[in-house]
Structures are given as structure tokens and as C-alpha cells.
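Novice: This is the structure I want to talk about, given as C-alpha cells.
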Amino acid sequence: MHIKLLTIAAAVALAFGTAQAQQRQDTTRTDADKPRTEARTEARTEGKVDRKARKAEEDRIEAEAKAAKAKCDGMDGKQKDVCQQEAKSQEKVKKAELDAKYDPTPRKQRKVEEQRAEAKYEIAKVKCDAQAKDDDACKKQAKAEYDRAKADLKAKDAKADTKRERPAGTGATQRGEDNTPNRDLNRNGR
């Protein structure tokens with residue numbers, strides 16, 4: 001009975017000792033992690049600021065577009081259509097630019113250029129509709145300019161792709177070449 005009691009007492013003491021050691025280790029770990037936690041908090045705060053700034057800019061763009069469309073209300077007929085299309089197209093371009101500003105990737109930059117070309121084309125189409133004469137020729141001209149702009153973008157993108165695919169000048173050997181020193185020199189013992 002005495003041995004059982006000693007065993008139980010030793011187990012309880014060991015449990016309390018382990019719990020205390022674990023608590024000290026957790027406290028030490030928390031103190032060491034404070035700089036990381038502060039950095040994370042700062043990064044989160046910066047992300048929130050960026051998000052808030054982006055949202056504010058997006059709201060400003062939408063307000064400007066709404067104001068531009070409101071200016072169009074005083075106009076009549078085809079002029080009103082042209083004015084509204086210009087406002088809508090400018091809004092799309094500015095939103096694409098905002099997107100590229102906060103996520104500056106080649107894809108986003110290409111999207112901005114595409115939006116600009118598309119906006120120019122859409123405005124030109126509406127202006128062609130506003131003209132009473134030579135409507136088809138005007139639209140064909142606008143379409144040709146739009147296609148040319150898209151082709152230029154594709155060529156620019158293809159040129160960028162070839163730059164990315166170009167092998168680095170590391171001195172790597174071509175297929176079939178041997179990378180060992182001249183074998184004649186090795187055979188002659190030099």
C-alpha cells in the first residue's frame with residue numbers, strides 16, 4: 001500500500017512539474033514571437049490601408065463617371081449617346097488602371113491597353129452612328145483602327161514572351177556538345 005501511495009504521489013508531482021515547465025516554455029515562446037506578431041499586425045494594417053485607399057479611389061472613379069453621365073442629361077439625341085459612351089468608356093479605363101496600380105503585373109497592364117483600345121473603338125462607333133452620312137465607311141475605319149491596336153498589343157505581348165523564353169547566357173552547352181576538356185590533350189598526358 002505504501003508503494004502505491006508513493007507511486008501516485010510521484011505521478012502527481014511529475015504531472016505538476018511538466019505542466020509548470022510547459023507553461024514557462026509557452027511564456028518564453030510568446031515573448032520571442034512578439035516581433036513577428038507586430039510585423040504581421042503591421043502588414044495587416046498596411047493591407048487594410050491599401051484596401052481602403054483602393055476602395056476610396058474606386059468610389060471616386062464611380063462618382064466622376066456618374067457626374068459625367070449627369071452632364072449628358074442636358075444633351076439631346078446622338079450627342080447624348082456619344083457623351084454617355086465617353087463617360088462609360090473612361091470609367092472602364094480608369095478602373096483597369098486602378099487594378100493595374102494595385103496589382104502591377106504584365107497581364108493587368110495589357111488589360112489597361114486593351115480597355116483603352118476598346119474604349120476608343122466604342123466611342124468611334126457611337127460617333128459614327130451620330131453622323132448622318134457615310135456611316136458604314138466610318139465604322140469600317142473605326143474597326144480597322146481597333147484591329148490594328150489589338151494586333152499591336154499581341155505583337156508587343158509576343159515580343160515580351162520571347163524575351164522571357166530566351167535562354168540565359170550561362171555558358172550551358174548545346175545538345176550533342178561535350179563538356180569535357182579537349183580529349184587529345186588528355187590522351188597525350190598534358
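The values are calculated or read from the model by the stated rules, or taken from the named source; none is laboratory data. None of these values were measured; they are calculated from a predicted model. Here Cβ is always computed from backbone atoms with ideal geometry, including for glycine, and neighbour counts include all displayed protein chains. Please note that ligands, DNA and RNA were not included when accessible areas were found on the heavy atoms of the full protein model with its side chains. Shrake-Rupley method; radii C 1.70, N 1.55, O 1.52, S 1.80 Å.
Novice: I want to confirm something. Restricting to segment 96-117 and keeping residues that are more than 17 Å from L153 (Cα to Cα) and in contact with a helix residue (DSSP H, G or I) (Cβ under 6 Å, 6 or more places away or on another chain), which single residue is least open to solvent (accessible area, probe 1.4 Å)?
Specialist: Ranking the qualifying residues of segment 96-117, first place goes to L98.
Novice: Give segment 118-138 a look and list any residue that's touching a Cys at 6+ places or on another chain (Cβ under 8 Å) and either within 16 Å of D152 (Cβ to Cβ) or assigned to a helix (DSSP H, G or I) (or both), or say none.
Specialist: Step one: list which residues in segment 118-138 are touching a Cys at 6+ places or on another chain (Cβ under 8 Å), which gives 124, 127-128, 131, 135, 138.
Within segment 118-138, A124, K127, C128, D135, C138 meet the criteria.
Novice: Output the number of the condition that E145 fails; it satisfies all remaining conditions of (1) open to solvent by 70 Å² or more (accessible area, probe 1.4 Å); (2) acidic (D, E); (3) in contact with an Asp or Glu (Cβ under 9 Å, 6 or more places away or on another chain).
Specialist: Here E145 meets the rest and fails (3).
Novice: Working only within segment 55-72, note down all residues that are over 13 Å from S89 (Cβ atoms) and among the small types (G, A, S).
Specialist: Correct list: A56, A63, A67, A70.
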